[in-house]
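Structure first, then comments.
Nothing in this text is a laboratory measurement; each read-out follows from the coordinates by a stated rule. Computed from a predicted structure; not experimentally measured. So basically every Cβ, Gly included, is an ideal-geometry build from the backbone, and we count neighbours across all protein chains shown.
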Amino acid sequence: MTDVATEPQRPEAEGRPAAGDHPAERSGALYRKVAADLREAITTGAYGEAGRLPAEGALAEQYGVSRGTVRQALAVLRSDGLVTSRRGTRRVVLGGARVQSFSELLSFTHWAYSMGEEPGGILDSLVRRPADAVEREQLRLEPGAEVYVTVRLRTLSGTPVMVERTVYPPRVGEIVVELPPDVVSHTEVLREHGILFTDADHTIDIVAANAEDARLLGCRRGGPLLRERRRTTDPTGTPVEWSQDRYLPGTVAFSVHNSLATSALSRHARELD
């Protein structure tokens with residue numbers, strides 16, 4: 001194995017919560033708690049279709065938070081397509097979550113910005129090594145081919161939510177290795193270099209946290225994590241990445257809408273446990 005980045009940044013140096021400083025206890029997470037509770041109420045029909053949410057003042061009193069926190073929570077619901085509003089009126093419930101664009105579902109950074117969150121990416125390691133059998137199959141590589149593998153801790157407004165492991169074929173990895181370790185979006189930079197992301201296959205399941213997950217996320221080793229595996233291809237159908245994202249429980253959920261006309265997958269934030 002060949003180390004490409006020999007001094008990776010560690011979460012401890014980037015504001016990772018200290019022991020006992022649970023993310024949900026931070027004041028910045030309060031609006032997520034309010035948004036998660038309202039989302040649950042909306043999706044279970046508590047307010048009905050086209051119903052109105054309580055006024056900001058009433059919601060602030062109900063949850064024991066400031067009006068500013070309520071406005072942040074409502075902004076998240078609006079970005080999810082669950083509510084809308086007109087000046088001087090209360091928020092109107094729209095119903096199901098909005099269909100996300102391809103770039104929002106593909107890119108953690110685009111998705112975070114769509115919710116009004118500040119995305120973060122802390123590089124833990126970047127190595128070049130021979131591809132294993134699964135990686136060769138997914139990236140359509142010949143035996144003996146090498147790949148570039150990144151491991152990054154992803155954050156929403158400073159709170160750790162996900163470990164991102166991405167395997168790149170050589171032509172893409174040679175670009176990634178030249179990027180600054182604190183660059184937030186690899187996808188955006190790769191597009192600027194002519195690497196286009198046009199199709200993706202997603203597989204979602206539950207896995208047990210390994211030692212690396214536990215170290216980066218501060219979770220229990222063996223505890224459950226929501227995993228999304230994704231292979232992305234360019235316009236010619238050539239694979240450009242094989243990625244595996246592992247989320248802390250309660251931080252995100254994926255929704256699938258099916259109809260005769262279309263099927264859509266969307267991702268939305270959840271309350272941090």
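With a sphere of radius 13 Å drawn around the Cβ of residue 246, what net charge do the other residues whose Cβ falls strictly inside it have (Lys, Arg +1; Asp, Glu -1)? Local charge sum for residue 246: +1.
Per-residue Cβ neighbour counts within 10 Å put 197, 254 in the sequence 254, 197, beginning with the fewest. Over all other residues within a Cβ to Cβ distance under 14 Å of residue 193, the charged ones net out to -4, with Lys and Arg as +1 and Asp and Glu as -1. Net charge in the neighbourhood of residue 62 (other residues with Cβ under 11 Å of its Cβ; Lys, Arg +1, Asp, Glu -1) is -3.
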